[in-house]
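Chemist: Dropping a structure here in structure tokens format, bear with me for questions.
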Amino acid sequence: MLSSVLLAMTMALGATAHYTFPSIQAAGATSGDWQYVRRADNWQNNGFVGDVNSKQMTCFQSSPSPAQGKATVAAGSRLTYQAKPNVYHPGPMAFYLAKVPAGSSIDSFDGSGAVWFKIYHEQPQFGAQLTWGSNNKASFDVPIPACIAPGDYLLRAEHIALHSAGSPGGAQFYISCAQITVTGGGSTEPTNKVAIPGAYSASDPGILININYPVPTSYKNPGPAVFTC
């Protein structure tokens, strides 16, 4: 009986330790869950992607499907991506954009190929342990570059949980993709575009890392450099 209770408590703790990214706030309006964000495969169990070569790495969807709509945001402004519940584990947040090709619909765009450019990633604070500002937060400001061309984009949120990343396959990826329309902007073509999956290796130093002991004194974010205008 006691073992059954302990198992139930462990399962409940595991569920609460995981999270999704189901909504965004743009132009002062907060969307409903999975309204402007494509419903991720973990929408019910708060699970994670553990294989960097999985097609779920794109938008955490085994079979790509669109959101209910898209949000409008001005280039050079910010929107807010929201987690549910709070981001529980230590590790970096990152955000990527991929522009929908001319003549294509955002509803059918699957984000395949070298179309993604990174617009943000965070570094930890170093000391007795590594700490990230994203830990225990539920909302994240995302800067939309002022120089990118107007149009429809997928905005990909990614949090890499590193608490168990000391062994291969131990890093946990929490991902979702919002559908947005960027207005204004310019005509700069972003550099350092990558394919996802494809941008990461399981042995990348920012993915295969023991953050517990010995405590690292540096950290290298996986993937491309952050694009700036």
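Chemist: Can you tell me the relative contact order of the range 18-183? Whole percent, Cα pairs under 8 Å, sequence separation 6 or more.
Modeler: This gives 32 percent for the range 18-183.
Chemist: A follow-up question, please. Per-residue counts of other Cβ atoms within 10 Å, averaged by peptide: what ranking do you get for 105-113, 92-100, highest first?
Modeler: 92-100, 105-113
Chemist: Also, quick follow-up: Using a 10 Å cut-off on Cβ atoms, rank the peptides 170-183, 68-81 from the highest mean neighbour count down.
Modeler: Most protected by this proxy first, the peptides run 170-183, 68-81.
Chemist: Here's a follow-up. Identify, among Tyr120, Tyr200, Ala171, the residue whose Cα sits farthest towards the positive end of the charge dipole of the chain, taking +1 on the Cβ of Lys and Arg and -1 on the Cβ of Asp and Glu, with the dipole about the Cα centre.
Modeler: Looking along the dipole axis, the top candidate is Tyr120.
Chemist: When Lys and Arg each count +1 and Asp and Glu each count -1, what net charge do the other residues less than 12 Å away from Tyr81, Cβ to Cβ, add up to?
Modeler: +2
Chemist: Okay, moving on. Charges only on Cβ, +1 for Lys and Arg, -1 for Asp and Glu: so what's the dipole of the range 81-207 about the Cα centre, in debye to the nearest 20?
Modeler: So the magnitude is around 140 debye.
Chemist: May I pose another question? With 5 Å bins from zero, work out the P(r) of the chain over every alpha carbon pair and list the percent per bin.
Modeler: With 5 Å bins starting at 0, P(r) equals 1, 7, 14, 19, 20, 17, 11, 6, 3, 1, 1, 0, 0.
Chemist: Given 0.36 nm per residue, what is the gain on full extension from Ser54 to Ala202 after removing their alpha carbon distance, in nm?
Modeler: Length difference between fully extended and current span is 52.1 nm.
Chemist: With Kirkwood's inverse mean 1/r over C-alpha pairs for Rh, give me the Rg to Rh ratio of the range 32-146, two decimals please.
Modeler: 0.96
Chemist: Taking a threshold of 26 Å on the Cα-Cα distance, which of the pairs Lys70/Lys220; Lys99/Lys137; Lys137/Lys193; Lys118/Lys220 fall above it?
Modeler: From the list (Lys70/Lys220; Lys99/Lys137; Lys137/Lys193; Lys118/Lys220), the Cα-Cα distance tops 26 Å for Lys70/Lys220; Lys99/Lys137; Lys137/Lys193.
The numbers here are math on the coordinates, done by the rules we state, and not lab data. A quick note: this is a predicted structure, and the numbers were derived from the prediction, not measured. Don't worry about glycine lacking a Cβ; one is built from the backbone with ideal geometry, like all the others, and counts go over all protein chains shown.
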